[in-house]
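Single-structure report; data block below.
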Amino acid sequence: MIVKFIIMVSFRMANKFKYSEEQMRWALEDVTSKLLSLNKASVKYNIPKSTLSMKLSGKTPLIRKMGPCSFLSDEVENRIKAWILNNATLGFPLKEEDVKDSVQKVIKNFPRTTPFKDFRPGEKWMKLFLKRNSEITKRNTEVISKARAAVTEEKIRDWFQELDNFLINEGCRDVLDDPSRIFNCDETGLQTCPKSGRVLGPRHIKDFYEIAQGHEKECITVLCTYSADGTVPPLMVVYPYKRIPTSLMTTFPNNWMIGRSDSGWMVSGTFFEFISNGFFTWLVNNKVKFPVILFVDGHKSHLSLELADFCAQNQIIIYCLPPNSTYIMQPCDVAIFKPLKASWKNVVAKNKRSEAFDSVQTSSIVNGFRKCGLYPFNPNAVDFSKCISYRRNILFPTTNNDSSLQIPVKTSSEEYKAALKVFESYIGRANTEIFEKKLQDPLLEAEKSPSLFDFWVKTKKKY
């Protein structure tokens, strides 16, 4: 009997507090509203009857956090929870390491006693945090190869709908009707000594050389921002310096910003500096109406808790473009960076690099937002033919009944040409050359996959 009693006690202790705060709240609501009796609520929610009775009688607090107390205040934990949920909603799902990084920064900025090594929480804290905040769940992301090939018209249209719903729920749908409040920013790398291209010289000399004015492989990171009405806020140039040289600062245009990082690439601290000290200040000085929306890609530098707090307080909505779709959906990539880099190459030798950025036409900026469907807000303006799946559907039509996803019956020669290019890239240059020879000589021995050759010939004849 004693052994049996010990086993029963051990079992009860092992199952103690195996319920969430949410389950406790539901149980109390069901009992107080007389939907369930005390016994039935205890069984349904796996909560001891005595615990429910004590709470209903007021002998114990209604709200009791499970497990050890948190080293962060409820306010801070709620802020972290909201940050995680909002990032996921806006297309920036966080990893556990990202959360730990931000908690470490919070504790360093506002010191308190914790058992954390170097103020950084470990796996146990993360596990208990997720248990205390059941609204957050961990999911595996979909791992795919050739990510751009996975971008589909359906996913992009879903993104437009989600953005529309989000802004309606936030009560600021009107932001999409004002081009002066719609922005896109992105980083690009620019060589300080770009290749000069074809030059003139003696025919008998095989190789021409040009002496570089600096490190021939040096590249700087430039963060550019544009609005849908063609306006250009200040840009930021990032250098890999511990301290920015005074001689460099004196050569910069007054409205440019200089950032720094150990690698010379954009990091979260540098991006926060740009938003808080550059972009926001520019918005205020130019009397731009708030809120504004800033479209960015999913780079890690856009994810910090510090940035999320600042933007929330100052009505800046940072919204992530669809993953792996910036070549279709980002105005900077679609219409701006190509002419910018061409101009940069032409003027860099004159050491008047700001001319390259001044040469970007307002019409190019406006067209970039229009082609991406960001302003005017129109999913149908997107060039879905850039999606590999779109080209695949041209060649292998489906019976999808969704009219928004149907491929036009009449297909242009350019679309077949684009599809053929994708296919030839897939099979490789060697197989393409074999197909070319076989097309000229039908008696040539058939290749191992004759169906691929037939498919190639059929597509080739369409343009």
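At-a-glance table
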| quantity | calculated |
| --- | --- |
| Extension gain from Gln104 to Arg25, taking 0.36 nm per residue of separation minus the Cα-Cα distance | 25.3 nm |
| Cβ-derived FRET efficiency at R0 22 Å, Phe116 paired with Lys300, nearest 0.05 | 0.50 |
| Cα-Cα P(r), region 285-344, percent of pairs per 5 Å interval | 4, 15, 19, 19, 18, 17, 7, 1 |
| Over 30 Å (Cα to Cα) - which of Lys417/Lys438; Lys59/Lys100; Lys371/Lys417; Lys44/Lys155; Lys49/Lys95; Lys44/Lys131 fall in this group | Lys59/Lys100; Lys44/Lys155; Lys49/Lys95 |
| Share of Cα-Cα pairs in region 244-319 lying beyond 18 Å, as whole percent | 46 percent |
| Peptides ranked, highest mean first, by Cβ atoms within 10 Å: ranges 249-256, 178-185, 125-132 | 178-185, 125-132, 249-256 |
| Förster radius 30 Å - calculated FRET efficiency between Glu135 and Asn314 (Cβ-Cβ, nearest 0.05) | 0.70 |
| Heavy atoms of Thr326 accessible to a 1.4 Å probe, total area in Å² rounded to 10 | 30 Å² |
| By average C-beta atoms within 10 angstrom, highest first, the peptides 285-291, 44-50 | 44-50, 285-291 |
| Tyr241 versus Lys40: modelled label distance in nm, points set 7 Å from Cα along the beta carbon direction | 7.4 nm |
| Difference of contour (0.36 nm per residue) and Cα-Cα distance, Glu162 to Asp174 | 2.8 nm |
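The values are calculated or read from the model by the stated rules, or taken from the named source; none is laboratory data. Keep in mind that what you see is a predicted model, and the values were worked out from it rather than measured. No Cβ is skipped: glycine too gets one built from the backbone with ideal geometry, and neighbour counts run over all protein chains shown. Side chains included, ligands, DNA and RNA excluded: accessible areas come from the protein's heavy atoms. Shrake-Rupley method; radii C 1.70, N 1.55, O 1.52, S 1.80 Å.
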